[in-house]
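Bear in mind these aren't lab numbers, they're just calculated from the coordinates by the rules spelled out. Quantities reported herein were computed from a predicted structural model and do not represent experimental measurements. Cβ placement follows ideal geometry from the backbone for every residue including glycine, while neighbour counts extend to all protein chains displayed.
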Amino acid sequence: MTLTEYHEALRCKIKGTWNLHNSAEALGLKLDSFTMLSSLSGIIGHVAQANYAAGNVFLDAFAAWRQARGLLACSIDLGIREDSGVIAESAKLQSSTGRRMFRGLNEGQLRKILYFAMLQQQDTPTANKAENVGELAYSPMVTGLTFPQPPDSALKSDARFLPLFSSNEGARDLESGSENANADIQELFLLLRTQSADHAARLKALTNAVSGCFMRVLKLSEPMDPERPISIYGTDSLAAVEVRNWVRTELGCLVTTLDIMNARSLKLFCEKILSKLLALETA
């Protein structure tokens, strides 16, 4: 590519991002989030797209730079969009992309990813600033890679992606767990909309769904005992953030990490969620 072509793809990402950052600083804005759409090309590259890959590497680095200065930031390394975008509109690009390595993202999934990225920034520790970017343990939000990766994947030689190479049994377990979670949530909302459903049935369905979330986050082999404190299962602040975001995204209910960490039992935590869900249903 020519130098002009290189900078055309690079300039919009670099100058555009700096313009947003500088304007917010000049106006003294207290931002709720600073979310940037990067790409997988920034971490795995793509033939004939060195300019685009470099621009996305900048976005990932800029997020780390902002966080090191106590500012909110998140960079999302997006994968292939299956319903719109350059690859979806180009048969040539589709043929040059290893489809088994990537999982296409639709618009609904993209909205959830953006929502989660914004929620994630609410728990970013901005008070303790690192002296330089190298001291900050920042990682972009990587999306759109399949698990497990196929045996002939180009990522196999890269140590960063070794966890993505696992047995098919593990993949089936993951898929099965996801299907069970969706079934639990569907059952819960059906009971919430059914006026004749009693409180006990609703609470049981909710407890099953929330317990399933904890099992996935904490990698538990058995469901949690609803009468025992959540803390005894090794729930730390990071796990509490994941559960809180899951409750918001999947159930549409607002809870705090303190609600989770201080819950005397899973049952009492679910009682609190259920009361909020019922209030939303009748609102």
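Using r as the Cβ-Cβ distance of A48 and T4, and R0 as 22 Å, what FRET efficiency do you calculate, to the nearest 0.05?
0.90
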Can you sort D184, D60, D152, D158 from fewest to most other Cβ atoms within 10 Å of each residue's own Cβ?
D152, D158, D184, D60
In sequence order, calculated HN-Hα J values of region 228-238 (Karplus, 6.51, -1.76, 1.60; Hz; x Gly/Pro):
9, x, 5, 5, 6, 8, x, 6, 9, 5, 5
L78's amide H: which non-local residues (gap 5+, or another chain) put their own amide H closer than 5 Å, with H modeled 1.01 Å from N in plane and none for Pro or chain starts?
S38, S39, L40
Once phi for every residue in region 246-252 is put through the Karplus expression 6.51 cos²θ - 1.76 cosθ + 1.60 (θ = phi - 60°), the whole-Hz ³J(HN,Hα) values, with Gly and Pro written as x, are 5, 4, 5, 6, 8, 9, x
Fewest to most Cβ atoms within 10 Å: L110, L37, L274 sort as L37, L110, L274
Going by how many other beta carbons lie within 10 Å of each one, how would you line up K272, K219, fewest first?
K219, K272
Once R0 is set to 45 Å, what does the formula 1/(1 + (r/R0)^6) return for the Cβ-Cβ distance between T256 and N22, expressed as a FRET efficiency to the nearest 0.05?
0.85
In whole Hz, with x marking every Gly and Pro, tabulate ³J(HN,Hα) for region 189-196 from phi via Karplus 6.51 cos²θ - 1.76 cosθ + 1.60, θ = phi - 60°.
5, 5, 5, 5, 7, 8, 5, 7
In nanometres, the difference between 0.36 nm per residue of separation and the alpha-carbon distance of R264 and T194 is 22.3 nm
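In whole percent, what relative contact order does region 169-282 give with Cα contacts below 8 Å and a gap of six or more residues?
In percent, rounded to a whole number, it is 26.
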Can you list the residues, at least 5 places off or on another chain, whose amide H is less than 5 Å from the amide H of F102, using H built in the peptide plane?
T146
